[in-house]
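Visitor: Below is a structure I'd like to ask you about.
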Amino acid sequence: MKSSLPVGFILAAFAAAGIWAGLLAMAHLSGRASPIDRVETVLLDARVDLIGRRIPPQAVAIVAIDDATVADAGRYPLDRRQLAELIDRIRLAGARALAIDMLLVGTTDSGADAALATALGRLPTVIAGAAQFSDQKTHERYVPAPKGVLEPLPVLKQAAELGLVNVVTDGGGTPRQIPMLFDLTEGPASSLVLRATGLYDGRMPVITAEGLAFQNRDLALDLGWHLSLNYYGPGGTIPTISALTLRNNADAAANLKDRVVLLGVTATGVGDRFTTPFDQILPGVEVLATGVSNLIDGSALVRDTTVRRIDTTTAMLITLSGVAAMAFLPLATASMVFAGLLLVWFAAITLAFGHFYWLSGVLPLAASLPPVAALAVLRQYFDRNEMRQLASAQAALGRFQSAVFAKRIAEDPAFLLEPREQTAAILFIDLVGYTGLSERLGPRRTRDVLKAFHTVVVEETERRHGLVMDFMGDGIMVGFGIPDQDPQDAANAVSTAFSLVRTVGEWLAREELEAEISAVRVGAHYGTVVLSRLGHENHQQIAATGDCVNVASRLLDIARSHAASLALSSDLVAAAGLEQDVLSRGRQFDNVKIRGREQSIDVAVWSASEAAADR
């Protein structure tokens, strides 16, 4: 399809769209934070809501130091002897490993610290440390490099492994990823989530180029070995036991057997809280438990280099396809195609999310919408300009070809490529004495007279839905029922014939041309005509031909021979239903011979005065 846009604009649009989409794609591939990330999290949460709650693995449990525990202890933080007793109960319950989400950094009572260290040494345990950063960046391409680490008390650190508890949050404060590795000055350090998973499995997952090798399977991670969290539900979805209940109810301990236990604080006003897709105040320990559960059951969201490449490739394809649609298709169709591409992609990422793939919903939208929308506005401008030019051209064409034909051809370029037969009324009109007048008046004045005469004929004809087919000097051909037939065609033709005799006579009187032009002659017939395109392939006009046209033309000769102004065939009068009117006035049809035609025809004639009287 030919576009209304110039080729230069189309090429520039493709180039600009490619550059824009390419810049966004490069930022996405590098993992750099951008404003579109906030929108992406909204679309991600919509997918989370659509999938709904999931069942977490039975391998993970939480022991919570909640409001009841703090109230019973009468203080927070708990005395470290109480904490040691709680850890022993977890060990005796059969827990396979323990991860403590509490920063035990200060010295308390040396005896209590020693008791806690002893309890930690009896169970495979990872204890929390917090990485400290010099800025607030939440996501880097490479492994996070903190300026330091807030570590637990040395005696406690010696009794357990160290794991960092930092998470990566989005602009709304929702934890989206957990770094598995941190680049410290003294060497790499693991996250608490990774350490806890290794203690549960009995061996640390192996770090690979793209992620982790764990339990004879590979788990893809995002850039910098970041684990993308896939939440299971609101708070309490991961089995949670109050520390007070564990101390007072022996049966509760059965829920910890063979599990990795995360010990953390959920008491009001103590510990960290995060907004998640399911919960506005999810405790930090449950966020870490979600990460451990994701590693164990393999349900972490996959957002690795391959997924990012799929995002960027799709963004480029949708952008260029949308630009192509806007450039070459009608605007309505192009808009539907573009919207369809986005809907297909949104459906695809929703289905992929059900299989734990985190494909970007906003990148293709952000890459494609600005250039496609801009091109749509530009295309609309050019289309309107082209329509104005076409309307102007059609109006100009209507001055040379009938406006009816011009409109029909504009709507249907194939109009009358094949000839068509139909019935119509044909009128021929000329002026009596025109030849001598044109000789005396000269070209310019003759042209003015003809133009005024043509105007009178066109106005009278169009008033009754007739169509001027051709101008031939003072001769004019008029058709009724062309291109579309109507039951009143013959009656309108008869009415126009009589009216022309009167109005042209009045015009001659106004212009004081009666001395030069004595009258107007009209010959009219009704019959079958052939509508077709005549002329050269590159220079055509629409014409009506056939016996009806020839007879109507010859009726001018009949009118001349009878010194009459009007000659109507009986076929036309009969088709108009006016035979009784004609005969009732004492007028008769004369059978006359038509030059060049074998069959004669019945014709009635009127002088100008008679036509005015019978009108």
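The values are calculated or read from the model by the stated rules, or taken from the named source; none is laboratory data. None of these values were measured; they are calculated from a predicted model. As a convention, Cβ positions derive from the backbone with ideal geometry for all residues, glycine included, and neighbour counts pool all protein chains shown.
Visitor: Among the residues of region 528-535, is any farther than 18 Å from VAL457 by Cβ, surrounded by fewer than 16 Cβ atoms within 10 Å (Cβ to Cβ), without any contact (Cβ under 8 Å) to a residue 24 or more places away in the chain and under 60 Å from the mean Cα position of the chain (by Cα)?
Guide: Yes, region 528-535 contains at least one residue that is farther than 18 Å from VAL457 by Cβ, surrounded by fewer than 16 Cβ atoms within 10 Å (Cβ to Cβ), without any contact (Cβ under 8 Å) to a residue 24 or more places away in the chain and under 60 Å from the mean Cα position of the chain (by Cα).
Visitor: Counting just the residues of region 472-487 that are crowded, with 16+ Cβ neighbours inside 10 Å and not hydrophobic (A, V, I, L, M, F, W, C), which one comes out farthest from the chain's Cα centre (by Cα)? It would help to see each step written out before you state the result.
Guide: Initial filter on region 472-487 (crowded, with 16+ Cβ neighbours inside 10 Å): 474, 476-483.
Keeping just the survivors that are not hydrophobic (A, V, I, L, M, F, W, C) gives 474, 479, 481, 483.
Working: ASP474: 58, GLY479: 49, GLY481: 46, PRO483: 41 Å.
Among those that are crowded, with 16+ Cβ neighbours inside 10 Å and not hydrophobic (A, V, I, L, M, F, W, C), it is ASP474.
Visitor: Test ARG445 against the stated conditions and say whether it is closer than 15 Å to ILE517 by Cβ, surrounded by fewer than 20 Cβ atoms within 10 Å (Cβ to Cβ) and among the charged types (D, E, K, R).
Guide: Working: closer than 15 Å to ILE517 by Cβ: yes; surrounded by fewer than 20 Cβ atoms within 10 Å (Cβ to Cβ): yes; among the charged types (D, E, K, R): yes.
Here the answer is yes, as ARG445 does meet what is asked.
Visitor: While we're here: Filter region 492-503 down to the residues that are surrounded by fewer than 24 Cβ atoms within 10 Å (Cβ to Cβ) and either touching a Phe, Trp or Tyr at 6+ places or on another chain (Cβ under 9 Å) or not in a helix (DSSP H, G or I) (or both) and list them by number.
Guide: Pass one, region 492-503, residues surrounded by fewer than 24 Cβ atoms within 10 Å (Cβ to Cβ): 492, 495, 498-499, 502-503.
Within region 492-503, ASN492, PHE498 qualify.
Visitor: Only one residue in SER561, SER499, SER495, SER565 is closer than 26 Å to PHE589 by Cα, without any contact (Cβ under 8 Å) to a residue 12 or more places away in the chain and of a type outside the set (D, E, K, R). Which one? If you could, list the steps in order and put the result at the bottom.
Guide: Details: SER499 fails: without any contact (Cβ under 8 Å) to a residue 12 or more places away in the chain; SER495 fails: without any contact (Cβ under 8 Å) to a residue 12 or more places away in the chain; SER565 fails: without any contact (Cβ under 8 Å) to a residue 12 or more places away in the chain.
Checking each option against the conditions leaves just SER561.
Visitor: Sort out which residues of region 341-375 are small (Gly, Ala, Ser) and either in a helix (DSSP H, G or I) or under 12 Å from the mean Cα position of the chain (by Cα) (or both), and write them in order of number.
Guide: The answer is ALA347, ALA348, ALA352, ALA366, ALA367, SER368, ALA373, ALA374.
Visitor: Let me ask something additional. Failed condition for ALA252, given (1) out of contact with any helix residue (DSSP H, G or I) (no Cβ under 7 Å at 6 or more places or on another chain); (2) within 21 Å of LEU83 (Cβ to Cβ); (3) among the small types (Gly, Ala, Ser), with all others met?
Guide: (1)
Visitor: Could you list, in sequence order, all residues of region 274-302 that are free of Cβ contacts under 8 Å to residues at least 40 places away in the same chain and either touching a helix residue (DSSP H, G or I) at 6+ places or on another chain (Cβ under 7 Å) or outside the structural domain of ASP88 (by TED's automatic domain parsing) (or both)? Break it down into steps so the answer makes sense when it comes.
Guide: So in region 274-302, the residues free of Cβ contacts under 8 Å to residues at least 40 places away in the same chain come out as 280.
If the condition is that a residue be free of Cβ contacts under 8 Å to residues at least 40 places away in the same chain and either touching a helix residue (DSSP H, G or I) at 6+ places or on another chain (Cβ under 7 Å) or outside the structural domain of ASP88 (by TED's automatic domain parsing) (or both), then no residue fits.
Visitor: Which of the residues spanning region 559-615 are part of a strand (DSSP E or B), surrounded by fewer than 16 Cβ atoms within 10 Å (Cβ to Cβ) and polar (S, T, N, Q)?
Guide: First, pick out the residues of region 559-615 that are part of a strand (DSSP E or B): 566-569, 590-592, 601-606.
Next, from what is left, pick out any that are surrounded by fewer than 16 Cβ atoms within 10 Å (Cβ to Cβ): 590-591, 602.
Once the filter is applied, which keeps residues that are part of a strand (DSSP E or B), surrounded by fewer than 16 Cβ atoms within 10 Å (Cβ to Cβ) and polar (S, T, N, Q), region 559-615 yields only ASN591.
Visitor: Just give me the residues in region 254-293 being polar (S, T, N, Q) and not in a loop (DSSP other than H, G, I, E, B), in sequence order. Please lay out each step first, then the result.
Guide: Taking region 254-293 and keeping what is polar (S, T, N, Q), we get 255, 266, 268, 275-276, 280, 290, 293.
Across region 254-293, the qualifying residues are ASN255, THR290, SER293.
Visitor: Moving to a separate point now. Which number in (1) in a helix (DSSP H, G or I); (2) in contact (Cβ under 8 Å) with a residue 24 or more places away in the chain; (3) farther than 11 Å from ALA424 by Cα; (4) under 58 Å from the mean Cα position of the chain (by Cα) marks the one condition that ALA543 misses?
Guide: (1)
Visitor: Please tell me if SER228 is in contact (Cβ under 8 Å) with a residue 40 or more places away in the chain, under 17 Å from ASP297 (Cα atoms) and of a type in the set (S, T, N, Q).
Guide: Details: in contact (Cβ under 8 Å) with a residue 40 or more places away in the chain: yes; under 17 Å from ASP297 (Cα atoms): yes; of a type in the set (S, T, N, Q): yes.
Considered against the rule, which asks whether it is in contact (Cβ under 8 Å) with a residue 40 or more places away in the chain, under 17 Å from ASP297 (Cα atoms) and of a type in the set (S, T, N, Q), SER228 comes out as yes.
Visitor: Return the only residue of ALA519, ALA515 being of a type in the set (A, V, I, L, M), touching a helix residue (DSSP H, G or I) at 6+ places or on another chain (Cβ under 6 Å) and closer than 16 Å to VAL449 by Cβ.
Guide: Details: ALA515 fails: touching a helix residue (DSSP H, G or I) at 6+ places or on another chain (Cβ under 6 Å).
Result: ALA519 is the single residue among ALA519, ALA515 that is of a type in the set (A, V, I, L, M), touching a helix residue (DSSP H, G or I) at 6+ places or on another chain (Cβ under 6 Å) and closer than 16 Å to VAL449 by Cβ.
Visitor: Just one of the numbered conditions (1) within 30 Å of ALA327 (Cβ to Cβ); (2) part of a loop (DSSP other than H, G, I, E, B) is not true of ARG53; which one?
Guide: In the conditions (1) within 30 Å of ALA327 (Cβ to Cβ); (2) part of a loop (DSSP other than H, G, I, E, B), ARG53 misses (1) alone.
Visitor: Give the residue, chosen from VAL307, VAL344, VAL337, that is touching a strand residue (DSSP E or B) at 6+ places or on another chain (Cβ under 9 Å) and surrounded by fewer than 21 Cβ atoms within 10 Å (Cβ to Cβ).
Guide: Details: VAL344 fails: touching a strand residue (DSSP E or B) at 6+ places or on another chain (Cβ under 9 Å); VAL337 fails: touching a strand residue (DSSP E or B) at 6+ places or on another chain (Cβ under 9 Å).
The match here is VAL307.
Visitor: All but one of (1) surrounded by 15 or more Cβ atoms within 10 Å (Cβ to Cβ); (2) in contact (Cβ under 8 Å) with a residue 40 or more places away in the chain hold for GLY436; state the number of the condition that does not hold.
Guide: Result: GLY436 passes all but (1).
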